[in-house]
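What follows is a set of notes on a single structure, which appears directly below.
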């Protein structure tokens, strides 16, 4: 049985991906902050004949991420697919580690988590990071600003920087870890709670359902034709081209170096 580790699996796109992969026979590791919601989803999946377990982790806390990855490694389970899905939008303030919340949770938390889970990765593990077309809103990363509170309208610039970081991370991980298959996925404008209520009401019928939004994640997690195709950006179940900034290998390497220093790790 393959194991799929999914952050933010208790709602929205993550939940839809968890159910879809469970129906394909995967054991689902539900990783999230809420034990109540996480264990409830595990019970639902197991009640339907599937297999699941819960791991508590707060991606906004380096301490929590280190504890959770250590706990998982101790269990000796191998990861076939990891979906870096959890994220925030329109967030305010800094995390306990001193980083702007979008950048900390959407990028740094997953960067540190994936590093901690490395021993559980096998040859060919698929690392899927959920990004957004909003990454095209920004043309770079100001590495001084990610340690300050966001000030843009609706925090869209801060969100865009974190999503640009997701695409850059995917490409750089592919360059540094040849044995992994990495994919950055834009699910499309999906009706989930990461969007403000007024926007969901405004766009309404024009938005994707969580199941539709999860389709490209599931595609990248399971399509055998994608074996060995690594470091690219996908949407609508097909490879697409991200922004020019997202294709900048020097920016990707700089982001990697900063992320290692801030997280206190070395990927090697």
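Residue 92: at pLDDT below 95 and either under 30 Å from residue 142 (Cα atoms) or surrounded by fewer than 24 Cβ atoms within 10 Å (Cβ to Cβ) (or both), yes or no?
yes
Here is a check on your reading of the model: is residue 83 in contact with a strand residue (DSSP E or B) (Cβ under 6 Å, 6 or more places away or on another chain) and assigned to a helix (DSSP H, G or I)?
For residue 83, the condition - in contact with a strand residue (DSSP E or B) (Cβ under 6 Å, 6 or more places away or on another chain) and assigned to a helix (DSSP H, G or I) - is not met.
Sort out which residues of region 220-237 are out of contact with any helix residue (DSSP H, G or I) (no Cβ under 8 Å at 6 or more places or on another chain) and either surrounded by fewer than 15 Cβ atoms within 10 Å (Cβ to Cβ) or at pLDDT 95 or above (or both), and write them in order of number.
223, 224, 225, 227, 228
Of the residues 60, 89, which is farther than 22 Å from residue 22 by Cβ, free of Cβ contacts under 8 Å to residues at least 60 places away in the same chain and not in a helix (DSSP H, G or I)?
60
Could we say that residue 71 is more than 19 Å from the chain's Cα centre (by Cα), in a helix (DSSP H, G or I) and surrounded by fewer than 23 Cβ atoms within 10 Å (Cβ to Cβ) here?
Yes, satisfied.
When both residues are 6+ apart or on different chains and their Cβ atoms are under 7 Å apart, which pairs have a first residue that lies in region 233-256 and is free of Cβ contacts under 8 Å to residues at least 40 places away in the same chain, and a second that is assigned to a helix (DSSP H, G or I)?
The qualifying pairs are 237/215; 237/216; 237/219.
Say we look at region 190-211 and pick out the residues that are assigned to a helix (DSSP H, G or I) and within 17 Å of the chain's Cα centre (by Cα); which of these is modelled with the lowest pLDDT?
Only one residue tops the list, namely 210.
Which numbered condition in (1) farther than 25 Å from residue 119 by Cα; (2) in contact with a strand residue (DSSP E or B) (Cβ under 6 Å, 6 or more places away or on another chain); (3) free of Cβ contacts under 8 Å to residues at least 24 places away in the same chain is the only one that residue 41 fails?
With respect to (1) farther than 25 Å from residue 119 by Cα; (2) in contact with a strand residue (DSSP E or B) (Cβ under 6 Å, 6 or more places away or on another chain); (3) free of Cβ contacts under 8 Å to residues at least 24 places away in the same chain, residue 41 is out only on (3).
For residue 6, indicate whether it is in contact (Cβ under 8 Å) with a residue 40 or more places away in the chain, over 28 Å from residue 145 (Cα atoms), in contact with a helix residue (DSSP H, G or I) (Cβ under 8 Å, 6 or more places away or on another chain) and in a strand (DSSP E or B).
yes
The values are calculated or read from the model by the stated rules, or taken from the named source; none is laboratory data. Worth saying up front: this structure is predicted, and the values here are computed from it rather than measured. Don't worry about glycine lacking a Cβ; one is built from the backbone with ideal geometry, like all the others, and counts go over all protein chains shown.
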